[in-house]
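Quick notes on the structure that follows.
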Amino acid sequence: MPSRTLIRVLFICTGNICRSPLAEGVFLHKINRRGLAHLFAVDSCGTGNWHAGERPDPRVLELAAERGVSLPGVARQVTDDDLRRFDHIICMDEEHRDHVLYMGAPANKVKMLLEFHPQPPMAEVPDPYFGERDGFELVYDLVDAATDGLIDALANQVP
């Protein structure tokens, strides 16, 4: 049986310790549950390198664990190679979108995560880093709803 080409999805935020690793983990959790993991290659990164090599923020790790989601990655900065390799570059806010477009990402690959939310209450996933737990919970809820829409949209591309 010939192997399929993987659908490569990259989530991007600022430091790669809150929003994008959460989106990566939730996405991975859901594609595993749906039996679709074999179709995807998934990763996350940040526009900056401040936290390179670090695990996600303890607050997002705790919240994800409470909801049964594992966050497997360590922080890293987006590279030119990422922009070539990944089919879908999913940004948390306009600053991230502008950053990867400035780096040369093809515009047709770059989307905002909340474009896939069924009823987006806002255009961007807010950065919870300097806030309290309720900010992380809001981010989780936004990511949770939007990743369902993203998976539906991408799974429909598979022949």
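Looking across the range 128-144, the residues that are of a type in the set (A, V, I, L, M, F, W, C), over 13 Å from Asp57 (Cα atoms) and surrounded by 17 or more Cβ atoms within 10 Å (Cβ to Cβ) come down to Val139, Leu142, Val143.
So that you can scan it fast, the table gives a plain yes or no per residue for (1) touching a His at 6+ places or on another chain (Cβ under 7 Å); (2) over 19 Å from Arg133 (Cβ atoms); (3) at pLDDT 95 or above:
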| residue | (1), (2), (3) |
| --- | --- |
| His29 | no, yes, yes |
| Thr47 | yes, yes, yes |
| Glu54 | no, yes, yes |
| Arg59 | no, no, yes |
| Glu62 | no, no, yes |
| Val69 | yes, no, yes |
| Thr79 | no, yes, yes |
| Asp82 | no, yes, yes |
| Phe86 | no, yes, yes |
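Looking only at residues in the range 56-82 that are surrounded by fewer than 19 Cβ atoms within 10 Å (Cβ to Cβ) and of a type in the set (D, E, K, R), the one that is farthest from Ile31 (Cα to Cα) is Asp80. Restricting attention to the range 7-45 and to residues that are more than 20 Å from Glu62 (Cβ to Cβ) and small (Gly, Ala, Ser), the residue that is surrounded by the fewest Cβ atoms within 10 Å (Cβ to Cβ) turns out to be Gly35.
Residue by residue, here is whether (1) in contact with a strand residue (DSSP E or B) (Cβ under 9 Å, 6 or more places away or on another chain); (2) surrounded by fewer than 18 Cβ atoms within 10 Å (Cβ to Cβ) holds:
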position: Arg84; (1), (2): no, yes
position: His96; (1), (2): yes, no
position: Leu114; (1), (2): no, no
position: Pro126; (1), (2): no, yes
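Here Arg59, Arg84, Arg97, Arg55 are screened, and the one residue that is farther than 24 Å from Leu6 by Cβ, of a type in the set (D, E, K, R) and assigned to a helix (DSSP H, G or I) is Arg59. Among the residues of the range 145-159, those that are at pLDDT below 90 and exposed (fewer than 13 other Cβ atoms within 10 Å of the Cβ) comprise Asn156, Gln157, Val158, Pro159. Among the criteria (1) crowded, with 19+ Cβ neighbours inside 10 Å; (2) closer than 25 Å to Pro126 by Cβ, the one Leu101 does not fulfil is (1). Residue pairs whose Cβ atoms lie under 9 Å apart, separated by 6 or more positions or on different chains, with the first residue in the range 102-117 and free of Cβ contacts under 8 Å to residues at least 24 places away in the same chain and over 12 Å from Ile90 (Cα atoms) and the second of a type in the set (Val, Ile, Thr) and not in a helix (DSSP H, G or I), are Pro106/Ile89. Taking residues in the range 55-82 that are at positive phi, and partners anywhere that are at pLDDT 95 or above and not acidic (Asp, Glu), the pairs with Cβ atoms closer than 9 Å and at least 6 places apart or on different chains are Gly68/His29.
Of the residues making up the range 106-126, none is on the phi > 0 side of the Ramachandran plot, outside any helix (DSSP H, G or I) and at pLDDT 95 or above. Here Gly53 fulfils each of the conditions (1) surrounded by fewer than 16 Cβ atoms within 10 Å (Cβ to Cβ); (2) under 17 Å from Val125 (Cβ atoms) apart from (2).
The values are calculated or read from the model by the stated rules, or taken from the named source; none is laboratory data. Here the structure is a predicted model, which means the values were calculated and not measured. Every residue, glycine among them, receives a Cβ derived from its backbone with ideal geometry; neighbour counts consider all protein chains shown.
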